[in-house]
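Data block below; observations after.
The values are calculated or read from the model by the stated rules, or taken from the named source; none is laboratory data. Every value quoted in this text rests on a predicted model; they were computed, and no experiment measured them. Quick reminder, even Gly has a Cβ in these numbers, built from the backbone with ideal geometry, and neighbours come from all protein chains shown.
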Amino acid sequence: MFKSLRSRVIFSYVFVLFLSLGIASLLFYQFLVSYTVRTQGKELTNQAVTLSREVEAILEGQNPWLGIHRVRVHKFLSAYAKLTKIRIFFIDSKGEVIVDSEGPPLIQKQQLPKWVMGLAGESPQVLRRYLPELRKEVLLVSVPLRESKNLLVIVKPFAEVKEAQRPFLNLLLGAAAISFLISVFVGLYLSRSISEPILKLTRAAGEIGKGRFDQYIDVQSEDEIGRLARVFNFMAERVKRAYQAQRDFVANVSHEIRTPLTSIEGFSQALLDGVVKDEESFKNSLRIINQESKRLVRLVRDLLALSSIDAGQLDLNFKSLDLRKFLRQIGEKFQPRANEDGIQFKVQVSGNIKITTDPDRLDQVLTNLLDNAFKYTPSGGTIALRATLLDSKGVRLEVEDSGAGIPSEDLPRIFDRFYRVEKSRSKEYGGAGLGLSICREIIEILGGSIDVESKLGEGTKFTIELPISPQRNQ
C-alpha cells in the first residue's frame, strides 16, 4: 500500500497525531462534562437553597397541604421554573409530592417518583441520572428545608446543561482542527526533510553502480541523515580512489609486463631469424632474454604477494626470534656483495633482544631494503643495519645508507605501488616500484610501522618499529 518511505512516514505521523488528538479531546471532553456538572450542580443548589427559604417564608410554619398555601407555593415555583426552564418538586417528610411545577395547583397525594428516591438527606445532593419516564438524562438537585423535613427537588434536562458546554466544545474543535492542519504541514515538511536526502543518496548510489564515481552529497544537518551522507561521501571517495587505483594498477602491470616481453620477443626473434651471427652478439641477446625473464619472475612474484596481502591470505608463522642472531645472519648474506662493491657494511644490535614475529616475512622486508641500499650506494659508501630496544613493548630496526638519497617531493609517495623515484634507472635494476609497497604492507600486518628519512645526495634511512609481542597473530 505504501511503497515509499515518505508515504509511510506521513501515514504514521498522521495516524499518531489523529489518535493523540482524539484521546486528548476525549479526556478534555470528559473533564468539561464533569466540570459543567459540578458548576451547574452548584448553581442549581444555590437556587434550590434560595427557593427553599422563599417557600419557608411563604408557609411560615403552616401546613403545606392546606389549599391556599399549596396554591401560593405552586404559583411561586411554577413562575420560577418557567423562567429558568427547570422543573421543581416540593415533597413532604413522608415522601409525598405537595407541589409539582408542571402539574395542577392542587393535586392529590402521590408517592415520590422512583427517580427521585434517595435524594432525601440532611444536606444538598446533586445527581446525574437517566429518567426512563422522560426518556432523557437530567441533573437532579435536592435541598432539605431548614424548619421541617420537607424537600425541594430541582430537575434540569442534561441537554440544557450541555448547552453551557457548546462554546467550549466549539473552541476545542476549532483548536483541534487548527492543530491537526498545522501538524500535518509540519509532518509533510519533516517527511520531506527525511526522504529527500535518502532519495539523493539512492540516486547517487545508482550513479556509482553505473560507473559514475564522481558523486557527492551536500551535508546540511548534524543528525543521523547528515552522518549517513558523510559516510556515503567517504565511501564514494574510497570507491573512486579504489577504482582509479585498480585502473592504474592494471595499466602499470600491463606496462611492466609489456616491456620485458617486447625485449624477449625481439631478441628471440632475432636469434630465430639468424640476424645475430657472431658469438658475442648471440651471448648478449641470451643475456638480455635471461635478465628480462628474471624481471618478469620478480614482477609476478611481487604481484602474487600483493594479491595475497589484499585478500588477507598472507601466510604468517609467528615465533620467538633472537634478533641479534637473526640480523647477523642477514649481514653474512650481504657481506660478500659489500666486499665486491667496496661498501662498508655494519650490523649493530644493542643488547640481547627477543621478539615474537614472522622471521621469513621480516627477512623479506630487510632483504628488500638492503638490496635497494646497495643498488643506490656507490663504492666507498656505508650501509648500516641496526636494532635498538625502545622499551618493554617495542623494538626499532634501521637500514641506513650514504647513497644518492631521495628527492623531498618523492618521499610522500615512496611506498605507493608502481612508484619509482628514477624511472630511467628501473631498467638497469629491474625494479617495478612494488618492493617498498610490499614492505609497508608486511610490516603493518606484523603490527608495526615503517618510515623513511632522506636527503638528496646524503643518503636514506628506513626506520621500522615492531612490537615485542604482536597484539594478534595473523
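The table for this structure:
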quantity	calculated
Members of segment 341-394 found to be touching a Pro at 6+ places or on another chain (Cβ under 9 Å) and farther than 21 Å from Phe415 by Cβ, listed by number	Asp341, Gly342, Ile343, Ile355, Thr356, Lys393
Residue satisfying condition, being of a type in the set (Lys, Arg) and touching a residue at least 24 places away in the same chain (Cβ under 8 Å), within set Arg328, Arg361	Arg361
Number of the condition not met by Lys423 [criteria: (1) surrounded by fewer than 17 Cβ atoms within 10 Å (Cβ to Cβ); (2) modelled with pLDDT of 90 or more]	(2)
Hits in segment 241-280 - residues which are surrounded by fewer than 10 Cβ atoms within 10 Å (Cβ to Cβ) and in a helix (DSSP H, G or I)	Leu272, Asp273, Glu279, Glu280
Segment 59-73, residues that are surrounded by 15 or more Cβ atoms within 10 Å (Cβ to Cβ) and modelled with pLDDT under 75	Leu59, Pro64, His69, Arg70
Hey, Gln30 at pLDDT 75 or above, assigned to a helix (DSSP H, G or I) and surrounded by 15 or more Cβ atoms within 10 Å (Cβ to Cβ) or not	no
Selection within segment 374-414 - in contact with a helix residue (DSSP H, G or I) (Cβ under 9 Å, 6 or more places away or on another chain) and in a helix (DSSP H, G or I)	Phe374, Lys375
Odd one out for Arg87 among (1) surrounded by 15 or more Cβ atoms within 10 Å (Cβ to Cβ); (2) modelled with pLDDT under 80	(2)
Residue check, Leu21 at pLDDT 80 or above and under 30 Å from Leu188 (Cα atoms)	no
Residue list for segment 359-381, filter: crowded, with 22+ Cβ neighbours inside 10 Å and aromatic (Phe, Trp, Tyr)	none
